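Report on the following structure.
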Amino acid sequence: MNALLLADLTVFTLSLLVGFEVISKVPATLHTPLMSGANAVHGVVIVGVMLLAASVTTVAGYVLVLIAAAFAAMNVTGGYVVTDRMLAMFRTRKEGRR
Amino acid sequence: MSGFDTTVHLIYLACAVCFVLGLHLMNAPASARRGNRLSAAGMTAAIVTTAAVLVHDRVIAGWAVAALVAGGVLGAVAGLITARRVEMTAMPQLVSLFNAVGGGAAALIALGDALAHSADLAGQPVRTSVTTVLDLAIGGVTLSGSLVASGKLAGMVPGRPIGVPGGRWINAVLGLAAVVLAGLFLTGHAGMAALYGIGFAALAAGVLLTLPIGGADMPVVISLLNACTGTAVAMAGFVLGSDALIIAGALVGAAGAILTKLMADAMNRPISAIIAGGYGTGDDAAGPAGSTGPVREVTAEDAALQLAYAHKVVIVPGYGLAAAQAQHELVALARALTERGAEVSYGIHPVAGRMPGHMNVLLAEADAPYAQLKDLEEVNPQFPGTDVALVVGANDVTNPAARRPGNPVSGMPILDVDRARSVIVIKRSLGHGYAGIDNELYTHPSTAMLFADAKKGLSALLVGVREYAA
């Protein structure tokens, strides 16, 4: 095990704990937007696809990047847009009551 | 470390902070939208920064840029269109689909990175080789598993549990094959071929694991698959040495794990039993009628009269309501009762719907006031003081048999509907729920059954209630 792996493991473990702490406070009413929002957050995989694109030099690599980029872009844009749509419905209600 | 690198790292750190704070703001409806936008802003910054890094480093091949841009535009347009058009009832299959492509992208990163280093695969450090295998395996299972789950939710794949002959054995063989291939790959005895093998095994396992799981267990399954995607993305972060991916992936993994546990608890079934599958019929709760006790039937007019003069009404909606697209009729009825001065609330079981919190979204879409939406713990103490409990499209989650041991719903947390002074159940027939047993609520002395389709029944009730408006 080298220092880089240990550093990454530390970040991973602490992030898991932060996730548990932050998310366990979300009320049941908001579970669907939460899941959809979390879904959008893992759209960060697009950053990974971009980093990968810098190291591919073969046709197979390009095809792979093409598919992965399409997948990741769909994940990230769709995820945020649909979550926003859902949360807008919860918001207008609050304002309507005032 | 150059000034540029330092700036890039700091921006990634700020992005990670945005993700955490964004999820944190999701704990109240008033701040949730702001949270999502903060998270989206962090994401945009991460993407722009990465693009700047690519431009700055000047190592990316022209074809790679073309592939990246073409794929990105294609995916973004597809995501945008589906996200804009989707009906709220179809939300679970869409979230599942986005989950599938996210997992797929993570798995492809593992493959792509290995391909880029295929000349020196054996020389890769443990930090990337082990995580490449994990990323590929988890991402592959998630991709095919989420696609099957999405198909089941959309009705394209039958929702009932589909048993594959010898499925468990095939899965065991697939798992063993993947472990052996991983061993060969990690010890440098096999290269890309082993990775392709692991990828195929993972895809096949995803299908075989999801097919036997019934419609009733879908909230658990999509939560679990969500956790898997998060983990796969974190693994991709290890492979690429990107903290942003590790942090975001871990956050999603934690979110998915919490929701999985909450959903499994709400059904009182161990996660292992859910994955084993075979439970829950799926789309139509109207199985063969087989109730023994006397059932009291009520007409829409009588039920409307009862509702019109009730002071306190608790509405218990289930998936049948969503399937009949009757949430607007229900909310209109609730509004009419509120205008007559009744205290109205909705008692929502955690697994009402096809994904965690799905029913709340459907009711919010129909303009139900947020303050009227009550969860299990909030609403149960209120039933003894409730004049009428109106059950629409919910079945097993109201079955008092759950309080007794020795039956399929034993120990499952239920809504104590039978403790209300009177109960009206709108249902098409005396059919069984997913658990496949009679609902004792239907033969309870204080229960009256209104046999109707949810939409028609609620419209009739609304007309009836309005007649007493004077």
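Stokes-Einstein diffusion coefficient for the stretch B:300-467 at 20 °C in a medium of 1.002 mPa s, Rh from the Kirkwood formula over Cα pairs: what value in µm²/s?
Result for D is 138 µm²/s.
Residues in the stretch B:232-254, backbone N under 12 Å from the label point at A:A3 (7 Å along the Cα-to-beta-carbon vector): list them, ranges by number please.
So the set is empty, nothing qualifies.
Chains B and A: what accessible area do they bury, summed, in square angstrom to the nearest 100, with a 1.4 Å probe?
That pair hides around 8200 Å² of surface in total.
Leaving out ligands and nucleic acids, note down the accessible area per residue over the stretch A:8-98 with a 1.4 angstrom probe, in whole Å².
33
Just want the answer: with Cβ charges of +1 for Lys and Arg and -1 for Asp and Glu, which residue in B:S31, B:A64, B:L13 is farthest toward the dipole's positive end in the stretch B:1-85?
Of the listed residues, the answer is B:S31.
For the protein assembly as shown, what does the helix formula give at 222 nm: sum of -39500 (n - 2.57) over DSSP H segments with n ≥ 4, over the residue count, nearest 500 deg cm²/dmol?
Here the helix-only value at 222 nm equals -21000 deg cm²/dmol.
Report the accessible area of B:M192, computed with a 1.4 Å probe over the heavy atoms of all protein chains in place, in Å² rounded to the nearest 10.
Using a 1.4 Å probe on the heavy atoms, I get roughly 30 Å².
Identify, among B:G320, B:G145, B:Y370, the residue whose Cα sits farthest towards the positive end of the charge dipole of chain B, taking +1 on the Cβ of Lys and Arg and -1 on the Cβ of Asp and Glu, with the dipole about the Cα centre.
Value: B:G145.
Rounded to the nearest 0.05, what FRET efficiency do B:E377 and B:I437 give with R0 = 25 Å and r taken as the Cβ-Cβ distance? Could you check?
The value I calculate is 0.50.
Using the Cα centre of the stretch B:300-467 as the reference point, and only Cβ charges (+1 on K/R, -1 on D/E), how large is the resulting charge dipole? Debye, rounded to the nearest 20.
That gives the stretch B:300-467 a dipole magnitude of about 140 debye.
Can you give me the solvent accessible area of B:R33 with a 1.4 Å probe, rounded to the nearest 10 Å²?
Accessible surface of B:R33 is approximately 50 Å².
When the Debye formula is applied to the Cα atoms of the protein assembly as shown, each taken as the same point scatterer, what base-10 log of I(q)/I(0) results at q = 0.07, 0.09 Å⁻¹?
-0.43, -0.68
For B:E339 and B:D5, FRET efficiency with R0 = 60 Å and r from the beta-carbon atoms, rounded to 0.05?
Rounded to the nearest 0.05, the efficiency is 0.40.
What distance in nm lies between label points placed 7 Å from Cα along the C-beta direction at B:L13 and B:E87?
The two pseudo-label positions are separated by 4.9 nm.
Kindly report the accessible area of the stretch B:158-198 per residue (heavy atoms of protein chains, probe 1.4 Å, no ligands, DNA or RNA), in Å².
Accessible surface, normalised per residue, equals 60 Å².
How much length is gained on full extension from B:R403 to B:V77, taking 0.36 nm per residue of separation minus their Cα-Cα distance?
112.4 nm is the gain from fully extending B:R403 to B:V77.
In whole percent, and with a 1.4 Å probe on the protein chains, what portion of the accessible area of the protein assembly as shown is carbon and sulfur?
So the carbon and sulfur contribution to the accessible surface is 66 percent.
Could you sort B:E297, B:E329, A:E21 by accessible area so the largest value comes first, with the probe set to 1.4 Å?
Largest to smallest exposure gives the sequence B:E297, A:E21, B:E329.
The values are calculated or read from the model by the stated rules, or taken from the named source; none is laboratory data. Bear in mind that the values here come from a model prediction, so they are computed numbers and not experimental data. So basically every Cβ, Gly included, is an ideal-geometry build from the backbone, and we count neighbours across all protein chains shown. Side chains are part of the model used for accessible areas, which takes the heavy atoms of the whole protein and leaves out ligands, DNA and RNA. Shrake-Rupley method; radii C 1.70, N 1.55, O 1.52, S 1.80 Å.
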